[in-house]
Amino acid sequence: MAVPLQNMLHPFRTVSEFLHGLGDVPPDRVRVVPPIGRATLKDLITVNENKMEPICEWVDGTLVMKARGNYESWLTSIICGQFMEYLFERRLGILLGSSGVLRIQPDLGRSGTLMFVAWTSMPGGQLPPREDSVPELVPDLVLEIRFPSNTPREMERKRKEYFTAGVKHVWEIDPVSESARAYTGVESVREIPKGGTLEAEDVLPGFSLSLEQVFARANRSRGAG
């Protein structure tokens, strides 16, 4: 069902106001087909399954393309490898990449860089049916790598939505400073300096993500070592 413009989260009079409401998202990441404010869940599924463009999120009845970048994608692959090595041993849940979109609220489809969903957070401890392309699930942990077109306001909005939905941890990694922020609430954040370690013992016991190791691998592969 289309989202009536008057019921949107951020009513607007101009395109500029609408983009500001999205979090100052660059206009080249906002699809105008379907029209702004009129996109449905079915539209989201169709566009994403088409695979002709970057994966889209579903925000305010609009399809917003995910930010992209080659170096950031390579970092994601390195981090994903460390997660999967841990999860193959512990079998605590599943890890979704950026092509996975979850309906964390009835009218909101979000995709992190990586999202961990514990088996205990899934109905009946089972994976959603394969045909459910955008399942109603809330991840336990979301990892976001800051891409060049991600604005501070966009990341702030996503954090608020994640924690409102029930996400327990949000990790944001900045490839420029090689540092991170670990959130356990909208206003609860721990600064992780360059070379530091990310941990979430309550959802990933015994797991740690070393920023020093991640960036050493990434930079060595770029010819820095």
Tally, over segment 116-157, of residues that are touching a Leu at 6+ places or on another chain (Cβ under 9 Å), more than 20 Å from Q105 (Cβ to Cβ) and part of a helix (DSSP H, G or I) = 2
When segment 9-38 is checked residue by residue, the ones that are surrounded by 12 or more Cβ atoms within 10 Å (Cβ to Cβ), among the basic types (K, R) and over 15 Å from L108 (Cα atoms) are R29, R31
So L63, is it in a strand (DSSP E or B), more than 21 Å from P205 (Cα to Cα) and free of Cβ contacts under 8 Å to residues at least 40 places away in the same chain = yes
In the list G81, G69, which residue meets the criterion of being of a type outside the set (D, E) and closer than 20 Å to M155 by Cα?
-> G69
Any chance segment 100-107 includes a residue that's closer than 22 Å to R29 by Cβ, in contact with a Lys or Arg (Cβ under 6 Å, 6 or more places away or on another chain) and surrounded by fewer than 17 Cβ atoms within 10 Å (Cβ to Cβ)?
-> no
Number of the condition not met by R181 [criteria: (1) in contact with an Asp or Glu (Cβ under 6 Å, 6 or more places away or on another chain); (2) not in a strand (DSSP E or B)] | (2)
Test each condition in (1) without any contact (Cβ under 8 Å) to a residue 24 or more places away in the chain; (2) surrounded by fewer than 17 Cβ atoms within 10 Å (Cβ to Cβ) for A182 and report the one that comes out false.
-> (2)
For segment 39-54 the number of residues that are surrounded by 18 or more Cβ atoms within 10 Å (Cβ to Cβ) and within 17 Å of the chain's Cα centre (by Cα) is 2
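Bear in mind that the values in this text are calculations on the coordinates, not laboratory data. Here the structure is a predicted model, which is why all the values come from computation and not from measurement. Reconstructed Cβ throughout: ideal geometry from the backbone, glycine too, with neighbour counts over all protein chains shown.
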